[in-house]
Structure formats: C-alpha cells, structure tokens
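Working notes for the structure below.
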Amino acid sequence: MSDTQPSTAPGSYAPGQAGEVVAAGAPASTPAAPQLPGLAMKRRGPVAVWLGLTIVTFGIYQLVWYFKIHKELGEFDRRQNLNPGGSLMVLLFLGWTLIAPLISFRNTGRAIAAAQRAAGLPVTCSPATSMWLMFVFGLNVWYMQRQLNLVVDAYPGAAPGTPVTLAA
C-alpha cells in the first residue's frame, strides 16, 4: 500500500509530478509551462474555397470544407470541444431556418479566434463578422479561411497533420 502513496506530503509541490513538464536546467522551484501539443492544419486558398471549388462542385465542396475545418480545429487545439459532423448537420438540415447557420458560423468564428490565441497570434477573427458576411455573397467562407491561414502561417514548414506546439 505504501508504494501507491505519494512520496511528498499532501499540499506540497514536487516538480515533474502529475504530468507537468519541467524545463531542463530549470531550478526545482520554478516549473516550466506545460507544452500543449496539436496537429498542424492545411493551408487553403480563400478564393478557391469561397468561389472556385464551390461553383465547380455545385456547392458540395463548401460542406466538405466546413466539416474539414472543424475537424482540423479540434485536432489543432484539443481543448476545444468541436463536433465536425454536428456542424455539418446544422448546415444540411437546418440551413432553411437561417438562425441555425448564423449561430454555427458565429461559433466557428469563436473556434478560429481560439485557435489564433492558441497559436500565440493576436486575435483578428471576429465571430460577428464570420456570421454576418454570410449575407454578402457568402464572403464568410473567404473570411474564415483567410483567418485560418493566419494560424497555419504561424507554423512555417509544418505539413498538415504533423505535431506542433501550441503557444497558449
């Protein structure tokens, strides 16, 4: 039973316990910030996503893109609780309500802003803009992809799906 008990008294701190990361050469009294892992996202052309591929595929690519960015955002920062299938279903089955897609686009803008924060970038993605640009020729897709590309550019040379370290 004694081998399952902690080696320090309750309430005391020992560096490196409970999954904390301690920088090499750092004094024992100053723990380093934990390194948060994530997966790099794919860079896409905003105009191609917004107009080109959407027209060529009769609108199907925009739905595929929406699913993919939610999946990538969730893999980039696992602290975000995103459901790519649920986000896609909102557009497919509740798109006629107008309110549900607006809320979904706003939530996507929030997720992109959180990804920018996690990458250590200044937050430039506005959830309100992500939502309201839907009424201006669907420019919200162009806007959201442009904002996502800022996160991708924060990790130069990282191939999509490779591990990256989050800044915050």
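Restricting to the range 50-72, name every residue that is within 12 Å of LEU148 (Cα to Cα) and aliphatic (A, V, I, L, M).
Result: ILE69, single match.
Enumerate the pairs (first residue in the range 148-164 and buried (at least 16 other Cβ atoms within 10 Å of the Cβ); second residue anywhere and of a type in the set (Ser, Thr, Tyr)) with beta-carbon separation below 7 Å, excluding pairs fewer than 6 apart on the same chain, so at least 6 apart or on different chains.
Listed by first residue and then by second, the contacts come to LEU150/THR124; VAL164/TYR155.
Yes or no, residue by residue, for (1) at pLDDT 95 or above; (2) crowded, with 18+ Cβ neighbours inside 10 Å; (3) over 23 Å from THR162 (Cα atoms):
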position	(1), (2), (3)
ALA32	no, no, yes
ALA40	yes, yes, no
GLY52	no, no, yes
ASP77	yes, yes, no
PHE93	yes, no, yes
ALA100	yes, no, yes
ILE112	yes, yes, no
ALA115	yes, yes, no
LEU121	yes, yes, no
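Condition first: closer than 24 Å to ASN81 by Cβ and in contact (Cβ under 8 Å) with a residue 40 or more places away in the chain. Now tell me which residues in the range 122-142 satisfy that.
VAL141
Being assigned to a helix (DSSP H, G or I), within 29 Å of THR97 (Cα to Cα) and of a type in the set (Gly, Ala, Ser) is the filter here, so list the residues in the range 113-139 that pass it.
Looking only at the range 113-139, we keep the residues that are assigned to a helix (DSSP H, G or I), and these are 113-118, 127-135, 139.
After this cut, where a residue has to be within 29 Å of THR97 (Cα to Cα) as well, the list is 113-115, 127-135, 139.
If the condition is that a residue be assigned to a helix (DSSP H, G or I), within 29 Å of THR97 (Cα to Cα) and of a type in the set (Gly, Ala, Ser), then ALA113, ALA114, ALA115, ALA128, SER130 are the ones that fit.
Only one residue in ALA28, ALA48, ALA23, ALA9 is small (Gly, Ala, Ser), in a loop (DSSP other than H, G, I, E, B) and either at pLDDT 50 or above or surrounded by 12 or more Cβ atoms within 10 Å (Cβ to Cβ) (or both), so which one is that? So that I can check it myself, show each step before the final result.
Details: ALA28 fails: either at pLDDT 50 or above or surrounded by 12 or more Cβ atoms within 10 Å (Cβ to Cβ) (or both); ALA48 fails: in a loop (DSSP other than H, G, I, E, B); ALA9 fails: either at pLDDT 50 or above or surrounded by 12 or more Cβ atoms within 10 Å (Cβ to Cβ) (or both).
It is ALA23.
The values are calculated or read from the model by the stated rules, or taken from the named source; none is laboratory data. These numbers were taken from a predicted model, which means no experiment stands behind them. Here the Cβ is made from the backbone with ideal geometry for all residues, glycine too, and neighbour counts use every protein chain on show.
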